[in-house]
1. Just to check your reading of the model, which residue among R190, R164, R194 is within 30 Å of G123 (Cβ to Cβ) and outside the structural domain of T115 (by TED's automatic domain parsing)?
2. If I filter the stretch 432-454 down to residues being β-branched (V, I, T) and in contact with a Lys or Arg (Cβ under 9 Å, 6 or more places away or on another chain), which single residue comes out as modelled with the lowest pLDDT?
3. Could you grab me the full set of residues in the stretch 98-115 that are at negative phi and surrounded by fewer than 19 Cβ atoms within 10 Å (Cβ to Cβ)?
4. Hey, could you check the stretch 21-74 for residues that are assigned to a helix (DSSP H, G or I) and of a type in the set (D, E) and say which is surrounded by the fewest Cβ atoms within 10 Å (Cβ to Cβ)?
5. Mind listing just one residue for me: the one in the stretch 210-223 that is out of contact with any helix residue (DSSP H, G or I) (no Cβ under 6 Å at 6 or more places or on another chain) and assigned to a helix (DSSP H, G or I) and, of those, surrounded by the fewest Cβ atoms within 10 Å (Cβ to Cβ)?
6. Quick check, is W163 of a type in the set (F, W, Y), more than 23 Å from L28 (Cβ to Cβ) and out of contact with any Phe, Trp or Tyr (no Cβ under 6 Å at 6 or more places or on another chain)?
7. Scan the stretch 194-207 and tell me whether some residue there is more than 19 Å from R3 (Cα to Cα), in a loop (DSSP other than H, G, I, E, B) and either modelled with pLDDT of 80 or more or touching a Ser or Thr at 6+ places or on another chain (Cβ under 8 Å) (or both).
8. I'd like to check something: does the stretch 117-140 contain any residue that is in contact with a Phe, Trp or Tyr (Cβ under 9 Å, 6 or more places away or on another chain) and closer than 30 Å to L28 by Cα?
Amino acid sequence: MRRRLLVGFVLFAFIATALLVVPFGLVLQEHQGPNTIHLLKRDTNALSALLTDALNHDDLTRAEQLAHSYSRSTGRQVLVVDALGVVLASRAGQAKDHSLVALARSAGRNGASGTSAVNKLEGPQYYVAVWLRHVASSVGMKHVVLLVTSPVKVDNDRVRGDWRDLALYGLLMLIAACLFGFIVSGSLVRPLRRIGRAVEAVGHGSLEVRVPEDSGPPELRTLARAINSTSSRLISLLESQRAFVEDASHQLRTPLTSLQLHLENLQSSDELSTTSDLHHVLAEMNRLSRMVDSLLALARNESKSTALIAIDVHVLVQERAEVWRALAEEMGLEFEFDSELGLQALAIEDVFEQILDNLLSNAFDATSEGGRVEIRAFAVDEHVEIHVVDNGRGLDESERALALRRFWRGRENRSDGAGLGLSIVAQLVQHSHGTIELRESAGGGIDATIILLRA
């Protein structure tokens, strides 16, 4: 992966550098000739004024000094001709180069510029020719023309130098891109390798291994947190499964032993005790059936989706209260509910009814005839609290701490349940990102409090 990232990064840098360097080099090459001619025109205009002054003062020596000085400082050549021949030349061979002399004489009064053909001295030349119209005829010169030339070869060498510089710049850019790509790809690959090693360790059973969440790009940190969360979830599920198997094995042993004893009694007893023993067998069978149903409910809840939805607490509380009202009247209990209209909370779909039913079942079992059970639901800041309150026999503090454990049954429990109701409630509330508390109510019973996130 690192090699592919590096190759892709360098390839992108190469294309980007080429798109920058090549057009820039072509522009330099294209404008080199016109720029040189422009500079020649500027120098020629300045030099023509100086030479005109020297010639008008009949100071040919100063004019030659000006021409030689300019030629030495710029590498360009100066030629001055009139109608009779060559007046001065910065290089001796120019006076004998008939093509340059002819080029100067053809300039005319408006001057000329461009590129000359091959000459004997330095090949093709950029040239600018101007007529020195202010040279007085009294000095014996007519139609004096100044010709300044610059070899094309010099400009070509300069263009080639520019191309070399651009190529070097591109090479340095590629080297820098390689180094930068190596560093960036390393910063991406190293966290991925750590994540890969951690996932592999988890796959081999080392669920305690965690991926560092404080290094790498934000996306990889998010991935690391997700993997750690998944590992924690796996540990929780496996622990729940282990505890489930241990508790189920322990709790099923008692009714199975009882069944075995009754069946053995049936085998060896007379007909008079048969009915009583059958009654005990059926009771144990029913108990086993209820326990298995509760265990299956716990197992299903472990695999429930944890996606939260908004539920209308007021409507659901009202519906469950109407369902349980008939049983409350039959048992001689006072049953009321109070809920804020439009109250909404976040919970897993279809679990709120199970939570209320289990809590109401426990409250009804714990409350004697003439007692009171009520449901209250209201908002507290960013949460919603649901209270199922009874004034039954209640639990002491140590019992309330144990009541949410699987298979726990109170010391005065009169019901024939499996001791899994509150455990199921706690599981569903936890999956809904809520909490459950068992508090002592004002009437001495239990105040079962569910706290959910407000929608």
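1. On the way: R190 fails: within 30 Å of G123 (Cβ to Cβ); R194 fails: within 30 Å of G123 (Cβ to Cβ).
The unique qualifying residue is R164.
2. Taking the stretch 432-454 as the starting set, the residues that turn out to be β-branched (V, I, T) are 435-436, 446, 449-451.
So of that shortlist, the ones also in contact with a Lys or Arg (Cβ under 9 Å, 6 or more places away or on another chain) come out as 446, 449.
On the way: I446: 89, T449: 93.
Here the residue is I446.
3. First pass over the stretch 98-115, keeping only residues at negative phi: 98-107, 109-110, 112-113, 115.
H98, S99, A102, R105, S106, R109, N110, A112, S113, T115, listed by residue number.
4. First, pick out the residues of the stretch 21-74 that are assigned to a helix (DSSP H, G or I): 21-56, 60-74.
Pick out the ones that are also of a type in the set (D, E) and you get 30, 43, 53, 64.
Values: E30: 11, D43: 17, D53: 15, E64: 18.
Per the criteria, the residue is E30.
5. Top of the filtered list is P218.
6. Numbers: of a type in the set (F, W, Y): yes; more than 23 Å from L28 (Cβ to Cβ): no; out of contact with any Phe, Trp or Tyr (no Cβ under 6 Å at 6 or more places or on another chain): yes.
So W163 fails the test.
7. Applying the first criterion (more than 19 Å from R3 (Cα to Cα)) to the stretch 194-207 yields 197-207.
Adding the requirement that they be in a loop (DSSP other than H, G, I, E, B) leaves 204-207.
With either modelled with pLDDT of 80 or more or touching a Ser or Thr at 6+ places or on another chain (Cβ under 8 Å) (or both) added as a condition, the list becomes 207.
Yes: one or more hits.
8. If we filter the stretch 117-140 for residues that are in contact with a Phe, Trp or Tyr (Cβ under 9 Å, 6 or more places away or on another chain), which is where we start, we get none.
No, that holds for no residue.
The values are calculated or read from the model by the stated rules, or taken from the named source; none is laboratory data. All figures in this text were calculated on a predicted structure; none of them were measured in a lab. Because the Cβ atoms are built from the backbone with ideal geometry, glycine has one as well, and the counts that use them run over all protein chains shown.
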